[in-house]
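Here the structure comes first, spelled out in structure tokens, and everything after it is commentary.
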Amino acid sequence: MDSIHVHGGICLQGKVKVQGSKNAALPILAATLLTRGTNVIHNCPKIADVYLMLHLLDSLGCRILWDADGVKIDTGHANYCEMPVEAIRGMRSSLCLLGALLGRTGKVSMEYPGGCVIGKRPIDLHLEAFRKLGAQINERDGRIDGNAGKGLKGTLLSMPRSSVGATENAILAAVSAKGHTCIRGAAREPEVAALCDYLCRCGAKIDGIGTGELHIWGGRTLRGVEYRIPADRIVAGTYLLACMGTGGSIFLEDAPISQMDSVIRLAKGLGARCQGSREGLYLQAPERLLGDRKISTQVYPGFPTDLQSVVLAVFTKAPGCCVVEENIFEDRFRILDALALMGARIKRLTANTVAVYGPVRLKGHEVAACELRGGAALVTAGLMADGETVVKGCEYIERGYENICRDFRELGARIYSVSSEKGKRDA
Ligand code: EPZ
């Protein structure tokens, strides 16, 4: 899929099922390496990052089989510890294979991951946690070589700052370490809790799940299980905010409402009516948005950085001056120029704060995505804009959204993707 074509200006109406969570699935797929036997992971999103993670598990010796029910993973024959080069080049979240491999084989070797367009994304907290658990970690010539020596040992890990990935890697290593590990300052994102929940189903003993202090008693045998990936709060938030931008009313089936407080609070602050039920979340967008809003991205349960770009697009429709403050990544305002091409009036106030002046009626334009959530934001802007918008660089969007065109079409949008090599459109 090379480009997405959107004929905007249409209110979204209808119902769409929210896919499984990318950021829950990836660490759980890596964690299967710590189990003996077969796992069946249901509701696993069919996205590029999951396909890459499964390719990496396959290259480590696992047997992978997709069927109607989900993806079956047999780790019985996994006996390599060298991370394939494409692991890190293709996807940073393959980082969580580090903790799983260290736990399973006692050794790991991989290329040092680079940064990405939204920030430097160092891994010092990951490596520090492994060292504290007793691993020997050497960084030389752009590579990382880890060795658990006589075995990892439980300890106190005080995380100097909140990191989702470092917390997940520490958990994956700690469940293999002998004795008790306390992770203080653990990230509280729902995806960390889902990983802990999966590991407990496999036989791990973890207390404090969902809090900033986790207690893990490691060294227990973990067996493969059936597990259902929870719905994706960021995908649900994307579609909720897109409806705020276009107007209309939608039902998000399976939306993980309890994980979406900050996003629902923003929608209500913009004038939306929201109604939650066991089946999902109903949203009625207002005719006109309330103005002069502000978001400040924070670690969970604060406003998620992964929805910041989508909010930028939606704020163009709000009257007055709205402010967006990004506190998690250094360089996550990558779509400002593209939104300006579409007529948005956005001004940088500081390195991590921008002001959005509105209301502005966006105009369709050809724009290019350079990362996942910025790409979803440009599609949202296209849905709001008059005329046609073409969003290039959609391979980024495929990393996290199963089929953003299919989902928005189910909500009444006029949108399709065109793949250059096949030269055809998907609807
Ligand atoms: C996870 O990335 C998510 N990815 C990101 O989602 C999400 O934006 C991020 O958490 C924050 O919620 C997955 O779960 C696969 P961090 P992660 O470690 O773990 C700094 C998406 O679009 N840091 O919590 O890499 C780091 O630079 C993606 O789905 C260190 O300084 O994020 C950042 O400024 C994008 N040293 C901050 O911490 C470290 O060792 C938070 O990063 C690690 C991180």
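The values are calculated or read from the model by the stated rules, or taken from the named source; none is laboratory data. None of the values given here were measured: they were computed from a predicted structure. Glycine gets a Cβ as well: all are built from the backbone with ideal geometry, and neighbour counts include every protein chain shown. For accessibility, only protein heavy atoms count, side chains too; no ligands or nucleic acids. Shrake-Rupley method; radii C 1.70, N 1.55, O 1.52, S 1.80 Å.
Computed values, structure above
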| quantity | calculated |
| --- | --- |
| So Thr211, is it touching a strand residue (DSSP E or B) at 6+ places or on another chain (Cβ under 9 Å), of a type in the set (Val, Ile, Thr) and in a loop (DSSP other than H, G, I, E, B) | no |
| Qualifying residues in the range 153-173 (those that are closer than 16 Å to His215 by Cβ and part of a loop (DSSP other than H, G, I, E, B)) - the one nearest to the chain's Cα centre (by Cα) | Met159 |
| Pair list, Cβ under 9 Å, 6 or more apart: the range 14-28 residue more than 13 Å from Val192 (Cβ to Cβ), other residue aromatic (Phe, Trp, Tyr) and assigned to a loop (DSSP other than H, G, I, E, B) | Gln19/Tyr401; Lys22/Tyr401 |
| Leading residue by the ranking (nearest to Val175 (Cα to Cα)) among those in the range 10-35 that are assigned to a strand (DSSP E or B) and touching a Leu at 6+ places or on another chain (Cβ under 7 Å) | Val16 |
| Residue within the range 272-279 that is in contact with a strand residue (DSSP E or B) (Cβ under 7 Å, 6 or more places away or on another chain), open to solvent by 20 Å² or more (accessible area, probe 1.4 Å), of a type in the set (Asp, Glu) and at negative phi present | yes |
| Within the range 150-172, considering residues that are in contact (Cβ under 8 Å) with a residue 60 or more places away in the chain and more than 14 Å from the ligand (Cβ to nearest atom), the one surrounded by the fewest Cβ atoms within 10 Å (Cβ to Cβ) | Gly154 |
| Long-range neighbours under 6 Å by Cβ, at least six apart or interchain, first residue open to solvent by 10 Å² or more (accessible area, probe 1.4 Å) within the range 402-419, second of a type in the set (Lys, Arg) | Glu402/Lys46; Tyr416/Arg425; Val418/Arg425 |
| Residue that is nearest to the ligand (Cβ to nearest atom) [pool: residues in the range 114-149 that are within 21 Å of Ile28 (Cβ to Cβ) and either open to solvent by less than 10 Å² (accessible area, probe 1.4 Å) or free of Cβ contacts under 8 Å to residues at least 24 places away in the same chain (or both)] | Ile123 |
| Boolean, Ile28 is under 30 Å from His180 (Cβ atoms), within 16 Å of the ligand (Cβ to nearest atom) and either modelled with pLDDT of 90 or more or open to solvent by 10 Å² or more (accessible area, probe 1.4 Å) (or both) | yes |
| Residue count for the range 367-397, restricted to those that are within 26 Å of the chain's Cα centre (by Cα) and charged (D, E, K, R) | 4 |
| Every residue from the range 31-54 that is farther than 22 Å from Val235 by Cβ and open to solvent by 10 Å² or more (accessible area, probe 1.4 Å) | Leu34, Arg36, Gly37, Thr38, Val40 |
| Test: Gly212 is farther than 20 Å from Ala25 by Cβ and either within 16 Å of the ligand (Cβ to nearest atom) or touching a Gly at 6+ places or on another chain (Cβ under 9 Å) (or both) | yes |
| Every residue from the range 346-365 that is more than 14 Å from Ser309 (Cα to Cα) and open to solvent by less than 50 Å² (accessible area, probe 1.4 Å) | Gly358, Val360, Leu362, Gly364 |
| Residues of the range 77-92 that turn out to be exposed (fewer than 14 other Cβ atoms within 10 Å of the Cβ) and modelled with pLDDT of 80 or more, as a count | 1 |
| In the range 174-191, the residues that are over 20 Å from Lys107 (Cβ atoms) and either open to solvent by 30 Å² or more (accessible area, probe 1.4 Å) or in a loop (DSSP other than H, G, I, E, B) (or both) | Gly179, His180, Arg184, Gly185, Ala186, Ala187, Arg188, Glu189 |
